[in-house]
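Novice: Right, I'll just put the structure down here and ask away after.
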Amino acid sequence: MCLLLAVMLAAPVPEKPNGGVVYHAYWLDEVTKEQTNGYQKLLVTTGPLVGLSERKLPPAKLALDHPALLFSTYGRDSLWADPFQCVSAVGKVDANGKTVVIGDKTYTFEEINISEVVRLLENPLGTKRGIHRRAHPLTGAEQTAKAFTRILKDQIEAKK
């Protein structure tokens, strides 16, 4: 009995990917806007969105340590400018009505598979050609995007 206990204590504990953080992703549609002109927000959180309801989020030195990141996309197909925006506060989350307040705007939200975020990070220019941009969407955030992609892929692999 004592020998078995010693072996169990010495056995390595499988490490949780990403330090136990489970990322969630959501498409956001602004409630009051009649047309989005093709632009749409993507929210990535370090847990279920309802857990962030009516919370001011603590600042983080690095974007990947922040509990909620906002990305701008074009047609859900490509990233737009200024990725990895840290959300400072999340207002009321209505899980039944699928709405969330971020800043001074109310959005409807739709949870999506984290593989959609990986797709956007790996192909930030998307598949639609002829879109004019002032700069590459990940300019200045290339290494952050690579690291975040790896983190998300580890999460996907751990679920298999």
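The values are calculated or read from the model by the stated rules, or taken from the named source; none is laboratory data. These numbers come from a predicted model, not from an experiment. In this analysis, Cβ positions are derived from the backbone assuming ideal geometry, glycine residues included, and neighbour counts consider all displayed protein chains.
Novice: Quick one: count up the residues across region 47-72 that are over 20 Å from D94 (Cβ atoms) and either out of contact with any Phe, Trp or Tyr (no Cβ under 6 Å at 6 or more places or on another chain) or of a type in the set (A, V, I, L, M) (or both).
Specialist: Residues in region 47-72 being over 20 Å from D94 (Cβ atoms) and either out of contact with any Phe, Trp or Tyr (no Cβ under 6 Å at 6 or more places or on another chain) or of a type in the set (A, V, I, L, M) (or both): 11 in total.
Novice: Determine if region 139-159 includes at least one residue that is in a loop (DSSP other than H, G, I, E, B), under 17 Å from T45 (Cβ atoms), more than 13 Å from the chain's Cα centre (by Cα) and of a type outside the set (K, R). Write out each step before concluding.
Specialist: At the first step, the residues of region 139-159 found to be in a loop (DSSP other than H, G, I, E, B) are 139-141.
From what's left, under 17 Å from T45 (Cβ atoms): none.
No, the conditions are met nowhere in region 139-159.
The rows are residues; the columns are (1) among the aliphatic types (A, V, I, L, M); (2) modelled with pLDDT under 95.
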| position | (1), (2) |
| --- | --- |
| Y39 | no, yes |
| G51 | no, yes |
| P58 | no, yes |
| L64 | yes, yes |
| L70 | yes, no |
| Y74 | no, yes |
| A81 | yes, yes |
| F84 | no, no |
| S88 | no, yes |
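Novice: Let me ask something else. Which of the residues spanning region 63-89 are assigned to a strand (DSSP E or B) and within 14 Å of L42 (Cα to Cα)? Explain how you work it out, then say what you get.
Specialist: Quick first cut of region 63-89, residues assigned to a strand (DSSP E or B) only: 68-74, 78-79, 85-86, 89.
Residues satisfying the conditions are A68, L69, L70, F71, S72, T73, Y74, S78, L79, Q85, C86.
Novice: Moving to a separate point now. Would you be able to say whether some residue in region 61-81 is β-branched (V, I, T), in contact (Cβ under 8 Å) with a residue 12 or more places away in the chain, surrounded by 13 or more Cβ atoms within 10 Å (Cβ to Cβ) and in contact with an Asp or Glu (Cβ under 7 Å, 6 or more places away or on another chain)?
Specialist: No, region 61-81 contains no residue that is β-branched (V, I, T), in contact (Cβ under 8 Å) with a residue 12 or more places away in the chain, surrounded by 13 or more Cβ atoms within 10 Å (Cβ to Cβ) and in contact with an Asp or Glu (Cβ under 7 Å, 6 or more places away or on another chain).
Novice: Right, next: How many of the residues in region 105-137 are more than 14 Å from Y74 (Cβ to Cβ) and assigned to a loop (DSSP other than H, G, I, E, B)?
Specialist: 1
This table checks each residue for (1) more than 26 Å from A135 (Cα to Cα); (2) small (G, A, S).
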{"site": "V50", "(1), (2)": "yes, no"}
{"site": "E54", "(1), (2)": "yes, no"}
{"site": "L79", "(1), (2)": "no, no"}
{"site": "P83", "(1), (2)": "no, no"}
{"site": "V90", "(1), (2)": "yes, no"}
{"site": "G97", "(1), (2)": "yes, yes"}
{"site": "T106", "(1), (2)": "yes, no"}
{"site": "E111", "(1), (2)": "yes, no"}
{"site": "R119", "(1), (2)": "no, no"}
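Novice: When you look at K128, is it at negative phi, of a type in the set (D, E, K, R) and either touching a helix residue (DSSP H, G or I) at 6+ places or on another chain (Cβ under 7 Å) or surrounded by 13 or more Cβ atoms within 10 Å (Cβ to Cβ) (or both), yes or no?
Specialist: Considered against the rule, which asks whether it is at negative phi, of a type in the set (D, E, K, R) and either touching a helix residue (DSSP H, G or I) at 6+ places or on another chain (Cβ under 7 Å) or surrounded by 13 or more Cβ atoms within 10 Å (Cβ to Cβ) (or both), K128 comes out as no.
Novice: Working carefully through the options A145, A135, find the one that is surrounded by 17 or more Cβ atoms within 10 Å (Cβ to Cβ) and either out of contact with any strand residue (DSSP E or B) (no Cβ under 7 Å at 6 or more places or on another chain) or closer than 17 Å to E30 by Cβ (or both).
Specialist: A145
Novice: Quick check on T99: is it touching a Ser or Thr at 6+ places or on another chain (Cβ under 7 Å), under 17 Å from L70 (Cα atoms) and surrounded by fewer than 16 Cβ atoms within 10 Å (Cβ to Cβ)?
Specialist: For T99, the condition - touching a Ser or Thr at 6+ places or on another chain (Cβ under 7 Å), under 17 Å from L70 (Cα atoms) and surrounded by fewer than 16 Cβ atoms within 10 Å (Cβ to Cβ) - is not met.
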